[in-house]
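Please read the structure below before turning to the comments.
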Amino acid sequence: MALPIYVLDTLFYSSLLFLIIAGLNLIYGILRVVNLAHASLFTLGAYATAWITTSLIVPRLGESLLALMVLPLVLGVILVILVSLALVTPLLRYSQGRGDAFQLIVTFGLLIIFEDLFKLAWGPYPVSAYNLFFQTGFVDIAGLRYPVYKLYVILFTAILALALWYVTYRSAFGIVLRASSMDPHMATALGLNTSRFLIIVIVLASALAGLGGSLYIPVASVQLGLSTEFLVIAFVGMVIGGLGSFVGAVVGSLIVSSLRTLTLIVFPELELVVLYLVAVIVLLWKPEGIGGGRGW
Amino acid sequence: MVEAFRRELGNSLVALAILIAVLGVAYPILGSIAPGYAIYLTYGVIWSIAALGFNLLYGYTGLLSFGHATFIGIGAYTVGLIVKYIGLRELEPMLVTAMVASAALALAVGPVVLRYGGIFFAIFMLAIGQILWGFYLKFYHVTGGTDGIKIGRVELLGFDLGRIDYLTYLTIYHYYVLAIAAIAYIVMWYIVNSPLGYSLKAIRDNEVRARALGINTLQLKLIAFTISAVYTGLAGALLAPLTRLASPELAYWFVSGKIVFMTILGGASHLIGPIVGAIVYTYLESIAMGYTIYWYLLLGTLIIAVMILSPRGLMSLVDSLLTRARLRWGVWQRSS
Amino acid sequence: MLVSRRDFIKGLVGGLIVGAVAGAGAVYVAGPGRGEVKPPEVGARIPTTPLKVGLQYMTKGGGAAWGDPTYKGARLAVEEINAAGGILGRRLEFVERDEAGADATKAEFEKLITVDKIDVHFCCISSGNTPALAPIAEEYEVLTFFADGCTDILFEKTVTNPMYTFRVTNIQSADGVTAALGAIKFFNLMEKDRVRVAHIHPDYAYGRNAYQHIQVVFEKVLGKDRVEIVYEGFPKLFGVTDFGPFITSILASGADVLATSLWAADWLNFYKQALGYGLFKKVKVVSTISHGIAPQMVESDYPEGQIAGVHSNYYFLYPEHESYPLNRDFVRRFYERWKEYPTNGSEGAYVSVYLYKSAVERAYQALGRWPEPEEVIPFLEGASILGPAGILSIRARPPNKHQGYKNAITGISRVDPKLGFSIVADPLRIPIERITVPEGWEGPTEPTMTYNWIKTTWREGVLPI
């Protein structure tokens, strides 16, 4: 009876996860760096978009659909990219080739730095900007009301995923992406893994995460500690789907999201445990992940 | 990263002995300045046991586990659950049980998990740790959920210490911990200098070649993993009476990250590196917390700075200083 | 040393009670310019060094939403006291620290005591930390005032005979009971044949405590056969941001009433999303704490007519400013200082500082010199202080010795057009002695004594207020 709603909620949550995991996989697949601070960019996107919406857009342009949908998103993502270029990119580039331990520790340091930066910038209280959520209204699905905004996010992300797929499999840039992730040494030898290319990859990954946060904020609030909540789940999805893989990002986000909805309904007590158990099982059965294989 | 393990200061029994002595003498010195400083030394020693165990797996076998908080949690909750359900107060049986429980978990998941290396292993351990953390959090009626299990004073070596004053109790506990740590350090020295230790290093340097040489890599990795788990579980069990609480935070992956950092801070290629790193980190974190409310910012920056400036750890810095000094001494000797 | 000190107190108490009675005047009052006791000019036997005040509160993660306003309340009090000359002429110097996980909080507390040498400590949001810190405070003999960390366990189980630890905010069980009574009253639940209740609470001690106490009150007052639980959900604290599945399930369950103790971002997300799903048109919501966060943060789209809990303690509008200048002036000063309105945590922390000050001053009057911590204790036990929320009394005897009690309050949510946000209207003030286990009562402590007291002593089918 409420099944269509559960399915839609699953798709919605997996859209957000996909945006985070895709970025994680890009960075891991091509730079071979594990980035614990990635979800912090998601959080930054959420904070930035909320702030832009409530402080800059609404006072000047009111609550028109166009103003709410386009500008905060674009400006928010630009901010995330700028912060990424300033703080995250240099660190990730430096961490390349320095071993897993180095990367995990350094990005962990970055993660906690971000937490305090968020507090300094936006304070300890939850921040929200539900304007768009309410503006877009609700539809009737199977006798229950459902927010149009969530449908928008599902559609938007699906189109974005398709675009990403197209770029990956049908464009020159995509060839380089795939080649670099399959065999980084060879790619470097062929002159593909240039500094500029790698920076573009990091920026792309950051933009995706920031975009996720931007899409997330109209339907939820952001507060300190959000990064950690999303990070661990994103990692589980990354592992289940396949490290460093585009298809893996899609598969992983769908599986994790489905598991989550399922356990929330059926076994709420075990919610956390089930996710990690499945991750362990997948790692044992197919360590390259269900959707993964070689690289992006 | 292939590193030559030279027989120098950082690996010798002498260095260990000096370190243990320092940790014993430092306590009353710090305590006379303020008990608050001294208690961090005890924490540092406990974490050093965990880091030492971790490093057997990382520095010597080449396996990075990002989930060693698992065993800290097992250690702490073993103590908590025994206190809560059995009402025992003697610490020794609790320590033994914690070590056995940790070994059991290691032996249970090891044969499967150890087939993989690299990032897979790291995330595997993370996932396992999070599973247990989830249990500690959710099974509220047994584990107390976020409130954890309260642990009062424990009996050490059969002595009931319920009546003595708090600071004396802490002091006795410190030397008790130090004694156990001393044994742990020496045992570890023995392990890494034994044939097992050399085989592990061979596995770390080139597993394929090690196997070709006839080393049963899986079995040895399992042994190392189990020993590593036992050490960390012991640390968790020693931690619980000091914090007086078995709480889920001890099993959260942040703690795993700290253990990794402590080890690397001290230097993973030296025996005493993790010990030094654990103690230095404990004070570092405390100084950061006391310096500013925004101590995440400070600590995160310090962590990054340390990793960039001194990626091989403090002991490597000491090494290069000593090498330079030795060279100067050699030159001086020859010239005179 | 410990033993002789305790004997000393016993001997002292007698003398001090005489002194206190002799010097007794009005109940203490929290606020500047309230009859500070001026130290004599010469040979005062009062240290001239500043008084070191420890402040530990949450600064990271979701708890920061609570820790921050609490800190602000304490800090305002400290600043006011310093502006008026300090306590008996001694300036207050505060040392702030983070309240992190249990082990770090404890270790930092010990550092504060032994390294920074604080004289008094104000702390704690988390109910995991108050039972962890209290034994330490008792060991080191440092006066410690908790402004939250309201778990019943603290004085019922962990430290049943506290000397140096006090808690100033209403006990946790009061939240659930207040909310349930509010729901029964405002939603006229006694007139319904059947009440279908859905529950959604964060999965940790606070949520479970709220669930238990709301249920026990519903079942007692309405009658067990009339109450039916149609849904229960315990999402991980701050672990769920998309409450869609929960809301859908609640709607599907056909509940009449939704009882909840979700707070901060969890509740913000839930109610906003629930608005979208039209939940409030079908279900009436009773919350223990929806309006307990910083008042100006509850936006004007919050649905009206729901039970708006404030952690049962204090809401900045009550007692009404027109008739109660103490509250009016406190809110004004707080707003001028911090550009936001005080929460129950702010008021609690503020009052606890003044409580300490007043007790020290009275002790000074009895002794003629600066009192030792144990000499202040008799002036805290059984004492009352008039604060912005009303009268707070500190219980002197178990159960819950050293717990502070003030009347509980809840109300109905309404949008205030002038203030521009949702407020608590139609306040229901419940005398605290009606809803909490009384002094001298004996009974099981699982899950809380108040729970068992209600279960065994309340009359079925009778609304006790």
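Here, each number is a calculation from the coordinates, and none is a lab measurement. Since the structure is predicted, the reported quantities are computational estimates derived from the model, not experimental observations. FYI the Cβ positions are ideal-geometry reconstructions off the backbone, even for glycines, and counts take in every protein chain you see.
Roughly what % of Cα-Cα distances in region B:31-77 sit above 13 Å, to the whole percent?
Numbers: 698 of 1081 pairs.
Distances greater than 13 Å cover 65 percent of the Cα pairs.
Just need log10 I(q)/I(0) for region C:118-254 at q = 0.09, 0.11, 0.14, 0.15 Å⁻¹, Debye formula, equal scatterers on the alpha-carbon atoms, no solvent, rounded to two decimals. The Debye formula, applied to the Cα set alone, gives -0.37, -0.53, -0.76, -0.83. Evaluated at q = 0.20, 0.23, 0.27 Å⁻¹, the base-10 log of the normalised Debye intensity for region C:74-122, with identical point scatterers placed on the Cα atoms, takes the values -0.73, -0.85, -0.99. How much length, in nm to one decimal, is gained on full extension between C:Thr160 and C:Arg414, taken as 0.36 nm per residue of separation minus their Cα-Cα distance? Using 0.36 nm per residue and subtracting the Cα-Cα distance, I get 87.4 nm.
Between A:Ile200 and B:Leu317, the C-beta separation translates, for a Förster distance of 30 Å, into a calculated FRET efficiency of about 0.20. Geometric descriptor of region C:384-442, per residue, is 94 Å³ (volume of the convex hull of the Cα atoms). Near C:Ile423, the amide H atoms lying under 5 Å from its own belong to C:Arg414, C:Val415, C:Asp416; only residues 5 or more places off or on other chains count, and H is placed 1.01 Å from N.
Measuring from each cysteine beta-carbon in chain C, the ones with no other cysteine beta-carbon under 4.7 angstrom are C:Cys150.
Among B:Thr217, B:Thr292, B:Thr226, the residue with the largest mean-square fluctuation in a Gaussian network model of chain B, with springs joining Cα atoms closer than 10 Å, is B:Thr292. Computed on region B:2-335, the Cα convex hull volume stands at 154 Å³ per residue.
Hey, how much of the P(r) for chain A falls beyond 35 Å, as a percent of Cα pairs? Don't jump to the answer; show the numbers that get you there.
Numbers: 7027 of 43660 pairs.
In whole percent, the share of Cα-Cα pairs in chain A beyond 35 Å is 16.
Put one equal scatterer on each alpha carbon of region C:129-173, apply the Debye formula with no solvent term, and list log10 I(q)/I(0) at q = 0.32 1/Å to two decimals. Relative scattering, expressed as log10 I(q)/I(0), comes to -1.33. Taking a temperature of 10 °C and a viscosity of 1.306 mPa s, what whole-number D in µm²/s does Stokes-Einstein yield for region A:107-155 with Rh from Kirkwood over alpha carbon pairs? Estimated via Stokes-Einstein, D reaches 116 µm²/s.
Equivalent-ellipsoid semi-axes (√(5λ), Cα gyration tensor) for region B:1-154, whole Å, largest first?
Details: eigenvalues 162, 143, 35 Å².
The three semi-axes for region B:1-154 are 28, 27, 13 Å.
Note: region C:311-354, Cα convex hull, 72 Å³ per residue. The relative contact order of chain A, computed from alpha carbon pairs under 8 Å that lie at least 6 residues apart in sequence, is 34 percent. For B:Gly67, nonlocal amide neighbours, meaning residues 5 or more places apart or on other chains whose placed amide H falls under 5 Å from its own, are B:Leu126.
Calculated FRET efficiency, C:Glu191 to A:Val7, Cβ-Cβ distance, R0 = 30 Å: about 0.15 to the nearest 0.05. All distinct Cα pairs of region A:1-142 go into the 1/r average, and the inverse of that average, the Kirkwood radius, is 17.2 Å. Across peptide C:264-271, the mean count of Cβ atoms from other chains lying within 10 Å of each residue's own Cβ comes to 5.
Between C:Glu460 and C:Arg45, the distance separating the two model label sites (each 7 Å from Cα on the Cα→Cβ line) works out to 6.3 nm. Per residue, chain C reaches -12000 deg cm²/dmol at 222 nm when only DSSP H runs of four or more residues are counted, each adding -39500 (n - 2.57).
Taking every eigenvalue of the Cα gyration tensor of chain C, multiplying by 5 and rooting it, what semi-axes result, largest first, whole Å? Numbers along the way, then the final one.
Values: eigenvalues 301, 107, 82 Å².
Over the Cα atoms of chain C, the semi-axes work out to 39, 23, 20 Å.
Seen from all directions on average, the protein assembly as shown presents a Cα convex hull projection of 47.5 nm². When chain B is treated as a Gaussian network with alpha carbon springs shorter than 10 Å, the biggest mean-square fluctuation among B:Leu132, B:Leu107, B:Leu167 belongs to B:Leu167. Once the Cβ-Cβ distance of B:Trp329 and B:Val187 is raised to the sixth power relative to R0 = 51 Å, the FRET efficiency obtained is 0.90.
Rounded to the nearest 500, the helix-only mean residue ellipticity at 222 nm of chain B stands at -25000 deg cm²/dmol, with each DSSP H run of n ≥ 4 adding -39,500 (n - 2.57). Amide H contacts under 5 Å for C:Lys284: C:Val257, C:Leu258, restricted to partners 5 or more places along the chain or on a different chain, H placed in the peptide plane at 1.01 Å from N. Karplus-based coupling profile of region A:11-26, in residue order and whole Hz: 5, 4, 5, 5, 4, 5, 4, 4, 4, 6, 5, 4, x, 4, 5, 4, with θ = phi - 60° in 6.51 cos²θ - 1.76 cosθ + 1.60 and x standing for Gly or Pro.
What helices does chain C hold that run 30 Å or longer along their axis, going by alpha-carbon atoms, with a Kyte-Doolittle average of -1.0 or more, using DSSP H for the helix calls?
Details: long enough: C:344-367 (34 Å, -0.14).
The qualifying helices are C:344-367.
Distances between every pair of Cα atoms in region C:233-347, grouped in 10 Å steps from 0 to the bin holding the largest one, split as 13, 41, 28, 14, 4 percent.
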